[in-house]
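Inspection log for the structure reproduced underneath, given as structure tokens.
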Amino acid sequence: MEANKRRIKDLIMCPHCYSDLKWLEDSLQCPECNARFPIQNGAINFIDYSLEKTWDSEFQAEQMFNKTLTAKLYNAGKRLVNNEYKPRDHIREFMSGVRQDSIVVELGSGNRRLRSDVINVDIFPFPNVDLVADIKRTPFRDNTVEFAILDTVLEHVPEPHKVTRELHRILRPEGKVVCITPFVFPYHGYPKHYFNFSKDGLEFLFRDFSECKVEMNLGPIYFRNTLPLLYRVRVNSFIHFVKGLHFFLSSFSST
């Protein structure tokens with residue numbers, strides 16, 4: 001937070017009424033709507049989000065904080081065996097073209113920090129988070145962000161169209177977004193898993209942007225799930241063909 005504090009001051013406003021904020025020692029205050037946003041452990045809290053207590057959510061929280069022995073073993077094992085198929089590191093490629101000290105925001109960052117100059121936004125106050133905020137209604141001013149990152153986040157938002165609308169608002173006219181989302185992927189709720197996205201769905205969500213390129217990475221899970229279906233379709237088609245051929249030959253022999 002300290003490294004980005006000076007830049008953040010120039011970038012943010014009240015997310016409720018879009019007015020300038022007054023910086024106090026332990027909080028930010030909006031003179032217009034009297035909203036107060038506390039600063040806790042270096043992060044500015046724009047929302048107060050409480051996680052629904054379920055076994056899945058608690059396990060995911062342990063995994064993100066990586067403090068318990070179970071979480072550490074799970075995260076270590078996930079590097080070797082997991083459901084994700086990434087033949088290329090799209091985030092690394094995206095960041096390689098971003099100069100240092102650019103205005104880069106990761107929405108739904110979790111507990112990682114891609115680079116020291118990246119501003120992290122999440123609904124949970126992880127140690128590496130700068131702004132605890134709802135990514136559907138961020139505190140960033142219009143046309144201030146140069147680059148935005150959403151890495152497997154959009155599927156966890158109940159209204160993803162509001163996130164893309166918000167991205168369109170905060171990005172500069174020449175700004176760029178990299179968004180990674182699952183297509184065929186198992187349930188992973190943190191806090192919840194609402195959607196998986198197709199190429200058509202992503203193009204629709206980002207339709208207001210000047211350009212949208214969607215690249216699909218089809219891995220083992222996709223083929224595991226689709227090959228049996230294709231097999232059944234082909235078998236059914238073959239059966240219908242044989243039945244039709246038999247009917248044709250029967251009709252021909254009876255004439």
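At-a-glance table
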| quantity | calculated |
| --- | --- |
| Surrounding net charge for CYS179, when Lys and Arg each add one and Asp and Glu each subtract one, Cβ distance under 12 Å | -3 |
| Cross-link table LYS22/LYS162; LYS9/LYS192; LYS67/LYS136; LYS176/LYS213, entries beyond 20 Å C-alpha to C-alpha | LYS22/LYS162; LYS9/LYS192; LYS67/LYS136 |
| Protection proxy ranking, peptides 99-112, 144-157, average beta carbon neighbours within 10 Å, highest first | 144-157, 99-112 |
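Readers should treat all values here as calculations from the given coordinates under stated rules, not as data from a laboratory. In this text the structure is predicted, and so the values were computed from the model without any measurement. Here Cβ is always computed from backbone atoms with ideal geometry, including for glycine, and neighbour counts include all displayed protein chains.
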